[in-house]
1. Taking only segment B:252-285 into account, find how many residues are in a helix (DSSP H, G or I) and in contact with a helix residue (DSSP H, G or I) (Cβ under 6 Å, 6 or more places away or on another chain).
2. Looking only at segment A:607-629, which residues are assigned to a helix (DSSP H, G or I), surrounded by 19 or more Cβ atoms within 10 Å (Cβ to Cβ) and away from chain B (no Cβ under 12 Å)?
3. Provide a single number: the residues in segment A:50-72 that are surrounded by fewer than 18 Cβ atoms within 10 Å (Cβ to Cβ), at pLDDT 95 or above and under 18 Å from residue A:131 (Cβ atoms).
4. Kindly provide the set of residues from segment A:700-715 that are more than 20 Å from residue A:616 (Cα to Cα) and either within 11 Å of chain B (Cβ to nearest Cβ) or in a helix (DSSP H, G or I) (or both), ordered by number.
5. I need a count of the residues in segment B:1-17 that are within 12 Å of chain A (Cβ to nearest Cβ) and either out of contact with any helix residue (DSSP H, G or I) (no Cβ under 7 Å at 6 or more places or on another chain) or surrounded by fewer than 20 Cβ atoms within 10 Å (Cβ to Cβ) (or both).
6. Kindly indicate whether any position in segment A:668-682 is closer than 26 Å to residue A:348 by Cα, away from chain B (no Cβ under 14 Å), under 21 Å from the mean Cα position of the chain (by Cα) and outside any loop (DSSP other than H, G, I, E, B).
7. Being in a loop (DSSP other than H, G, I, E, B) and over 29 Å from residue A:554 (Cα atoms), is that true of even one residue in segment A:645-667?
8. Please specify each residue of segment B:18-31 satisfying the condition of being away from chain A (no Cβ under 11 Å), more than 10 Å from the chain's Cα centre (by Cα) and crowded, with 21+ Cβ neighbours inside 10 Å.
């Protein structure tokens, strides 16, 4: 297929239904991303006033949230059917100075950087300089965290051994469950009152529990106020409009806002509006990781849809338009702007809200319904950056749904990714969830499994495995800075066997994980104490019943994750050392180390070529290298799980294997590696083989990946790139579906496809102005290719493109 | 003793050589010399080095390790090696020593057991897609002992087998293979005997006889016709093909047309010249037209 034909086919794939939706979509896609000062100004005013001094922290936070909900702007996109928006308008993003204060330099970088800027106006800069920075500096969560972390933690962080999720964003990473769609705020207020009246004053935690419940009640009131302000505004707009059709719509919308979120929704439209108010509330309260998500949306909405259709209130076309309007609400809420390292580790406007489709119902029956298909259709027609989707495939999922999902993958936007739902259930059960809670679980963020609506599963940071090998090979030293940041595990030149090297690596890994876990405990305690989230806590079971905050262990299940990065690079590096140094004796360790330290320059290039081309590699169904990869996964799980539950939340410790875009940053801070990778180049992403080395085809990749025991992890991300011709006909889609079934039978967790040719990507690099809309799969999400930093663009091009099968 | 054979590639997740998802095993060695041959590395029965020029670093290791002195660098300025294929014994030491993989030895000896263990890696894929293994080449019937042993081993394990053949083999060999293979992919090249000899190096009478035999034995057959502009797509050839197919109708499941494409680069890597003039791929229109004509006799999707 020619580049032009390929580009044309992609463009034609986007076809939003009604004129209204087409216009809203266009406005949403075109809108520039800006920083909105309003929230930061209000929250600063509130705390500056000193009115809450002396009150318990949760109550302070709840009152601050109420202060916001009483005052924030009430934007209504012209012609929208769902109201509520975090920020002053579409893509106007608030900041959260109580969590992370941007410096003036940060604001300048955000405003002026070439890729993914956030426009910052003069007033915002002035207000930051005069009020926000002086007030919050030293008080924000980020400042508190860095004040309390030990020096060995800071040293590893600065060296790029890990990143820290909670330094700029609040714990979040959660999805709504049934409670979100079945309860109104008035129901929850009743529940709060019931729990409050049942509290025992002799309970040693009586005071904390009472404060938390009071805070929850205030937070519930806050959103009721926000909704009734909208109802009033819509009524006024209805009076002013000259268009009778729009007047009727606005009156209807006002009526809906008078019913939800106070009471449980009764109709499809109410359910969407209800959820969206809660989404806005959660994302105004803090800037939680991966925002928030309706989770298993086809399951939650189906009863409303079915009843409305049966009772003649709704047609399929109307439902579709409502879903499309709903879709654009997500796209109008880009990720919050980050600073420093975090800006590189996840370089995107995408805020990772993920809508799950398919899977099973709580009773174990197939979950695919009419809405699952309808939402795939919406995805195909909209093709916006957000929201993200996930298709959950169980052994009970019909083939036609899987093939339908692959049809949606074929045009090449990277969505939807596919997940092994039977594997999700095994993972949940292994962690001790009930069977019903496992069946109503799903995946959020990129590939992260969680018991939706019932679990606080917090991601704490990415761990750079290749960097830990580099430090092992330098006996505890970071060669980039010359600082000793690890422990002494022996001079590798004296290792007699591969086993000695492996043990040294494991000791180094154990050391770093221990330091990281210590940091995690400190940060968890700081959030539990300083940043309770009474509003989010309303929606996650069993926070109200336990009278305990989401950030303090109130949820039914508590988990903490470390995200492991660089499996492919590490597996190939260890395989190369085992093969060439300890078995074939092609080189001595000394020779390899000298080549690494020289970054394979000059005559060392030959050494590099041999290590790169003449070693068994992960991803080619070669047991030699795959056994090493499997051992890495097993050991990473063992090491992390060996730590006792966290002190505050009593969270178990688990691992994910996923990178977002951090593999580029980790590559920058990691010197040459024994797999032949040169210094500064990205490390491998997710659990995918090293970019460009998987030359045995997709079936071999799946076999290699599936040899690792992913059921012991919380999820693992696999990217595959396919040439567009491969998905061009029905017969091939069917065979790809069969291949995916087998991958999942073997234990694979996830796979996503970039269906794009390297030629098209090169063309887009040359003429970015003509390819503004070229969307590709990055990690657990898609993004506009021309907006990506160059390093990431190159990394995506370098991934092996499977052209034949 | 364990039967061994020489293969030059094992391709997994292959979807064009028979039903379902398959593993295609390419046997090395072929009695034909088709000018358009897509797999020239499958012609010689011996392992031989292939050279990927773009990977070559010009480091000179290959010349230093070659035991017969077959690899030389013309001068000190000459960055790329030259191989004297007369002197080359196909030992593969150069490929072993080459750091970048510019030299690759095509063809390796495998036992039936090794072959089966590779096939079994994709057993779940065969099950789900009703696929299996396809023995292709080269010419699989050119290594009859190995092929028979492999087919028997597959039969024992209930792996579906396809034999992709030029049909140029003693009828006795075909007779041994026929009951063991689940399906034949049978190539028909130029129908005119003289043309066949000119373009493939062998006559076609035996081939046609073998096809008649297979049909007579009631074995499932799919006929494949490489569509070479000016050679097999001429009106005369199509007419001759049609009358042969009409004779065999009922005994053949379907006919597949394989449109020509250019593989000149592969020949360069083997130090050979491609015997075909520069031709363009047959047009979609022409393909549609021919398929429709053949479909009047035998299905031709």
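1. Total meeting the criteria: 2.
2. A:625, A:628, A:629
3. Of the residues in that region, 1 qualify.
4. A:710, A:711, A:712 - these are the residues of segment A:700-715 that are more than 20 Å from residue A:616 (Cα to Cα) and either within 11 Å of chain B (Cβ to nearest Cβ) or in a helix (DSSP H, G or I) (or both).
5. Number satisfying all stated conditions: 6.
6. no
7. Checked against the condition, which is being in a loop (DSSP other than H, G, I, E, B) and over 29 Å from residue A:554 (Cα atoms), segment A:645-667 yields at least one hit.
8. Within segment B:18-31, B:18 is the sole residue that qualifies.
The values are calculated or read from the model by the stated rules, or taken from the named source; none is laboratory data. Note that the coordinates shown come from a computational prediction; the quantities given were computed from them, not determined experimentally. Here Cβ is always computed from backbone atoms with ideal geometry, including for glycine, and neighbour counts include all displayed protein chains.
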